[in-house]
1. Quick check: anything in the range 352-375 closer than 27 Å to Val26 by Cα and of a type in the set (S, T, N, Q)?
2. Taking only the range 60-86 into account, find how many residues are more than 19 Å from Asn407 (Cα to Cα) and within 16 Å of the ligand (Cβ to nearest atom).
3. When Glu387 is evaluated against the numbered criteria (1) in a loop (DSSP other than H, G, I, E, B); (2) surrounded by fewer than 21 Cβ atoms within 10 Å (Cβ to Cβ), which criterion, by number, is the only one it fails?
4. Are there helices (runs of 4 or more DSSP H) fully within the range 145-264 with at least 2 residues that are more than 16 Å from the ligand (Cβ to nearest atom) and under 30 Å from Ser350 (Cα atoms)? List them.
5. Based on this model, can you work out whether Ala38 counts as under 17 Å from the mean Cα position of the chain (by Cα), in a helix (DSSP H, G or I) and within 16 Å of the ligand (Cβ to nearest atom)?
6. Check the range 241-256 and report whether any residue there is buried (at least 17 other Cβ atoms within 10 Å of the Cβ), within 17 Å of Pro272 (Cα to Cα) and in contact (Cβ under 8 Å) with a residue 12 or more places away in the chain.
7. Which number in (1) in contact (Cβ under 8 Å) with a residue 40 or more places away in the chain; (2) in a helix (DSSP H, G or I); (3) under 23 Å from the mean Cα position of the chain (by Cα); (4) surrounded by fewer than 21 Cβ atoms within 10 Å (Cβ to Cβ) marks the one condition that Leu15 misses?
Amino acid sequence: MKINQKRFQEHIETLAKIGKIGETGVCRLAHSKEDREAVDVVRLWMEEAGLDTHIDGFGNLVGRIEGKEKDKPILMLGSHIDSQPYGGRYDGTLGALGAIEVVHTMKEEGITPNRSIEVICFADEEGSRFNKGVFGVRGIIGQLEEGELERKDKNGVTRLEALREFGVEPDLSQSPVYKPGDIEAFLELHIEQGPVLESQDKPVGIVSAISGPIWLTVTLEGFAGHAGSVPMNLRQDAFLGASIITKEFNELVRNEGTPNTVGTVGSVQTFPNSRNIIPEKVEFTIDLRDIDLDARTKLEKKLYEIIERTSKELNLEYSISEDTRSDPRYCADWIKDIMKTEDEQLGYDSPTLMSGPFHDALFMSYISDYGMIFVRCEKGISHNPLEFAEMEDMEKGVELLYHTAMNIAQS
Ligand SMILES: [Zn+2]
């Protein structure tokens, strides 16, 4: 391997100690004291790798090395180092520390890249503290919304106050930092957070696209009544409606979806939620994802038919509100081609797979071509202290990132 495995491993292990909970967990909430401690440590590693560093007005940590041809669009690499409140050691950190290892290896090989390279640790990817994430990446691409700095965490601390405490004077006027054409490619290495690579017995995968979710909230209204007195044929049971819709939606996705379609009813609220009252009102959420937009649209239409038919049959009123609608975002073919060629030379035989979860890269895709590399993680567990990836697998991921980055940096 070209990369320095020992150094990479040390970095992963050292960072896992900051905000450590239990034996294997991590809690580094966005803009927190632990997050700042991590940024300071990672910043030193960036500088050792030959990068000039700064923290921008959104809290992103950015390192840059000038290329020989300063006018060329840059190559950007990175991920995030904040975590879920009860998170794992590798989500985000693999891609952030892997990117630094790539640049450090170039330095040791005596290579000055043709293009300038930036390595970025995005601020608040996870979103759990302020209930809205990918703050740093949305900042640099110009997708911040009204009131971002006024959002509060559960202790009443605003993002503005948290960022100041973190040591950054927020400056949203910097947004957007980059415009289309400034960045030749963005590359992100990440643990898979799913079971596909493990099931195929492969350490590394090349990502084809990040699927786009539709998030809906469905409300069904029937009529309450005593569970002991209302005969079955006179009931308007909203929870029964939700159950039938959930079952039929599951069958629809299984039977008529593509291999990549997934559908989930994840949250259900029933009113008045009492054991001896027929449920009068039920609210439940639907998450439907695919990388094939036409396939997703087809299923969405059929889902509406199921809701309509079931409501009619059970004499229920229904309403559907749309919370999120994101399109799938495809990795650039030319970047995947480079990855495949480099992968072949490394002898990994990595499969191509899609990403169900979103990442910082999803947002970068609006201003730059992008590519992603996944690393196998045990049982697909993530956002949990049990999250685990083999060091050897992660090193292979970084090695593929290195060769891909070299190829693009020198072009
Ligand atoms: Zn992540």
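1. So far as the range 352-375 goes, yes, one or more of its residues are closer than 27 Å to Val26 by Cα and of a type in the set (S, T, N, Q).
2. 10
3. (2)
4. Hits in the range 145-264: 196-200, 238-256.
5. Against the criterion (under 17 Å from the mean Cα position of the chain (by Cα), in a helix (DSSP H, G or I) and within 16 Å of the ligand (Cβ to nearest atom)), Ala38 does not qualify.
6. Yes: the range 241-256 contains one or more residues that are buried (at least 17 other Cβ atoms within 10 Å of the Cβ), within 17 Å of Pro272 (Cα to Cα) and in contact (Cβ under 8 Å) with a residue 12 or more places away in the chain.
7. For Leu15, the exception is condition (4).
Quick grid of which residues meet (1) assigned by TED's automatic domain parsing to the domain that holds Val26; (2) over 30 Å from Ala242 (Cα atoms); (3) not in a helix (DSSP H, G or I):
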{"position": "Tyr318", "(1), (2), (3)": "no, no, yes"}
{"position": "Ile338", "(1), (2), (3)": "yes, yes, no"}
{"position": "Glu344", "(1), (2), (3)": "yes, yes, no"}
{"position": "Phe358", "(1), (2), (3)": "yes, no, yes"}
{"position": "Tyr366", "(1), (2), (3)": "yes, yes, yes"}
{"position": "Met372", "(1), (2), (3)": "yes, yes, yes"}
{"position": "Lys396", "(1), (2), (3)": "yes, yes, no"}
{"position": "Leu400", "(1), (2), (3)": "yes, yes, no"}
{"position": "Thr404", "(1), (2), (3)": "yes, yes, no"}
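The values are calculated or read from the model by the stated rules, or taken from the named source; none is laboratory data. It should be emphasised that the depicted structure is a prediction, and the values quoted were computed from it without experimental measurement. Cβ: placed from backbone, ideal geometry, glycine included. Neighbour counts: every protein chain shown.
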